[in-house]
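Visitor: One structure is given below, represented as structure tokens, and several questions about it will come after.
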Amino acid sequence: MKFIPHAYQRYCINRLLTDPALGLLLDMGLGKTVITLTAVNDLKYNRFAISKVLVVAPKKVAEATWSKEAAKWDHLKLLRIVPVLGSQAKRIKALNTPADVWVINRENVPWLVEYYRNAWPFDMVILDEFSSFKNHQAKRFKALTWVRKHISRIVGLTGTPAPNGLLDLWAQVYLLDEGQRLGKKITHFRERYFEPDQRDRDHVFSYAPKPGADEVIQKLLGDICVSMKAEDYLELPDCLTVNAPVILGSKAKAAYDKLEREMLLQVDGETIDAGSAAVLTNKLLQLCNGAVYNESRETVEIHRCKIEAFLELVEGLNGKPALVFYNFQHDLARIHAALKSSGLKVRELKGPQDEDDWNAKKIDILLAHPASAAYGLNLQAGGNHVIWFGLNWSLELYQQANKRLHRQGQTEKVIIHHLAVEGGVDEDVIDALEDKGSTQDRLMNALKARIERVSGRE
């Protein structure tokens, strides 16, 4: 296929050719991969500016996305791309295979750095889904800082640079400029631009930007980051969100209310940190979906109301395929069991073949966990309906997962269905996802409000 770049794509390519460090903060569907590969091809074969390129990506992206994208375009067919995956022996063999671009999953970055030590060979590094390097304490971040001085060109690609707030930016920008813009240490960045938000006597749970901090930070990053939104550059079909209410029967409602009350009231009056909040809300989300894990990790079914609502929703699609996101493993098992006699072609998303078969319309129901489908997958050819059987608190995963269908190449209006228990924590999650706060803030605030309702203080 002949690549005819849009004006915004030409601009990004030119920036990659001229800037040794660049954050491409491009919305999903704007063509980050083809933009980057086009620049790589030019830098290597026309300008002789680079020799070896490393791409660090989520595992599913590393498996196929970069290779597929190169094979898709006529001007990139000579680029040799080798995935560095599997056992240590397989990874070493791949690293010794002649290529232009080597693609490794982000979990193996510490191993890669240790493997080469002072003989780091990659003069250009591309960090696909740059936001996965937002944690300054993570091994993958620390490993890259050790070899940063050996990297002459570095690129960060993401559509969600700050999913949990502006603090996420420090580690990512540090990899680009080694602390020139936001400071050498995250503590200095935090002290300069943030103030404590959620806290108790001894601990600060979250920080909020100081007045005007976001404008200052944006100005500091203006020369090293390019930010673009899909709606400004692409003509995408509409995207409609529909909340499908799940009404609990009297027995199910009583069981849900009892367990919710007992769980929430036993922590009432005690300090709730983010860890305990996550445990509590996860249990409540399980209850909404209809089953919980007991202490032995066995599944205990409490109700089938959401399963029944799901089956009605699928029937109402009249044969149209649906991408279904689940939250817990027992959700997956129960959905599989419920669809067993439906006659529908049901598949769990596990690898590139499932992606291909979905896009070839060989699958009616594609089941996926948002964490495994959040990055790099192009599923827009297979359907236009997304069903969230169970939601989670991560705005980043939610947005990325929905963009698997709502992206360039989609020809129909995308409809996103939320199955939500009326009066349950499902509704809190939907409200929170519409909020712009951090994941932790959203979770804590929702839990506190729910405790107040349950205890009758509201």
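Visitor: From the list L16, L37, which one is touching a Ser or Thr at 6+ places or on another chain (Cβ under 9 Å) and buried (at least 20 other Cβ atoms within 10 Å of the Cβ)? Outline the logic, then answer.
Guide: Values: L37 fails: touching a Ser or Thr at 6+ places or on another chain (Cβ under 9 Å).
Of the residues listed, the single one that is touching a Ser or Thr at 6+ places or on another chain (Cβ under 9 Å) and buried (at least 20 other Cβ atoms within 10 Å of the Cβ) is L16.
Visitor: Take the residues in segment 129-140 that are out of contact with any Leu (no Cβ under 8 Å at 6 or more places or on another chain) and outside any loop (DSSP other than H, G, I, E, B), then tell me which one is surrounded by the most Cβ atoms within 10 Å (Cβ to Cβ). Break it down into steps so the answer makes sense when it comes.
Guide: The initial filter retains those residues of segment 129-140 that are out of contact with any Leu (no Cβ under 8 Å at 6 or more places or on another chain), namely 131-132, 135-140.
After this cut, where a residue has to be outside any loop (DSSP other than H, G, I, E, B) as well, the list is 131-132, 139-140.
On the way: S131: 24, S132: 20, K139: 14, R140: 19.
Ranking the qualifying residues of segment 129-140, first place goes to S131.
Visitor: I've got another one for you. Hey, any hits in segment 119-128 for a residue that's assigned to a helix (DSSP H, G or I) and modelled with pLDDT of 95 or more? Steps first, please.
Guide: First, the residues of segment 119-128 that are assigned to a helix (DSSP H, G or I): 119.
From what's left, modelled with pLDDT of 95 or more: 119.
Looking through segment 119-128, at least one residue is assigned to a helix (DSSP H, G or I) and modelled with pLDDT of 95 or more.
Visitor: Mind checking which residues of segment 337-351 are surrounded by 14 or more Cβ atoms within 10 Å (Cβ to Cβ) and not in a loop (DSSP other than H, G, I, E, B)? Write out each step before concluding.
Guide: Within segment 337-351, the first condition is being surrounded by 14 or more Cβ atoms within 10 Å (Cβ to Cβ), and the residues that meet it are 338-339, 344-349.
Matches in segment 337-351: A338, L339, V346, R347, E348.
The rows are residues; the columns are (1) small (G, A, S); (2) in contact (Cβ under 8 Å) with a residue 40 or more places away in the chain; (3) closer than 26 Å to L221 by Cβ.
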{"position": "K44", "(1), (2), (3)": "no, yes, no"}
{"position": "K60", "(1), (2), (3)": "no, yes, no"}
{"position": "E69", "(1), (2), (3)": "no, no, no"}
{"position": "R80", "(1), (2), (3)": "no, no, no"}
{"position": "I92", "(1), (2), (3)": "no, no, no"}
{"position": "A99", "(1), (2), (3)": "yes, no, no"}
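Visitor: Just checking, how many residues over segment 110-136 are over 19 Å from L22 (Cβ atoms) and over 19 Å from the mean Cα position of the chain (by Cα)? Steps first, answer last, please.
Guide: Step one: filter segment 110-136 for residues over 19 Å from L22 (Cβ atoms), giving 110-121, 135-136.
Those left that are additionally over 19 Å from the mean Cα position of the chain (by Cα): 110-121.
Result for segment 110-136: 12.
Visitor: I've got another one for you. How many residues are within 30 Å of V101 (Cα to Cα), in a loop (DSSP other than H, G, I, E, B) and among the polar types (S, T, N, Q) when one looks only at segment 153-205?
Guide: Keep residues of segment 153-205 that are within 30 Å of V101 (Cα to Cα), which gives 153-163, 168-181.
Those still in the list that are in a loop (DSSP other than H, G, I, E, B) too: 159-163, 178-181.
When the remaining residues are screened for being among the polar types (S, T, N, Q), the result is 160, 180.
Of the residues in that region, 2 qualify.
Visitor: Condition first: of a type in the set (A, V, I, L, M, F, W, C), more than 16 Å from the chain's Cα centre (by Cα) and in a loop (DSSP other than H, G, I, E, B). Now tell me which residues in segment 21-74 satisfy that.
Guide: Hits for segment 21-74 are L30, F48, A49, I50, W73.
Visitor: Quick check: anything in segment 418-439 part of a loop (DSSP other than H, G, I, E, B), over 27 Å from C305 (Cβ atoms), modelled with pLDDT of 85 or more and not hydroxyl-bearing (S, T, Y)?
Guide: First, the residues of segment 418-439 that are part of a loop (DSSP other than H, G, I, E, B): 422-424, 435-438.
Filter once more, so that each one left must be over 27 Å from C305 (Cβ atoms): 436-438.
Checking the rest, the ones that are also modelled with pLDDT of 85 or more come to none.
Among the residues of segment 418-439, not one is part of a loop (DSSP other than H, G, I, E, B), over 27 Å from C305 (Cβ atoms), modelled with pLDDT of 85 or more and not hydroxyl-bearing (S, T, Y), which makes the answer no.
Visitor: Then there is this: Every residue in segment 56-75 that is crowded, with 22+ Cβ neighbours inside 10 Å and over 20 Å from R404 (Cβ atoms), please.
Guide: V56, A70, listed by residue number.
Visitor: Restricting to segment 169-184, give me the number of residues that are surrounded by fewer than 20 Cβ atoms within 10 Å (Cβ to Cβ) and within 26 Å of the chain's Cα centre (by Cα).
Guide: Step one: of segment 169-184, the residues surrounded by fewer than 20 Cβ atoms within 10 Å (Cβ to Cβ) are 177-180, 183-184.
Next cut, within 26 Å of the chain's Cα centre (by Cα) only: 177-179.
Residues in segment 169-184 being surrounded by fewer than 20 Cβ atoms within 10 Å (Cβ to Cβ) and within 26 Å of the chain's Cα centre (by Cα): 3 in total.
Visitor: Right, next: For residues that are over 30 Å from L397 (Cα atoms) and not aliphatic (A, V, I, L, M), scanning just segment 75-89, find the one that is nearest to the chain's Cα centre (by Cα).
Guide: Ranking the qualifying residues of segment 75-89, first place goes to R80.
The values are calculated or read from the model by the stated rules, or taken from the named source; none is laboratory data. Because the structure is a prediction, the values reported are computed rather than measured. Glycine also receives a Cβ, built like all others from the backbone with ideal geometry; neighbour counts cover every protein chain displayed.
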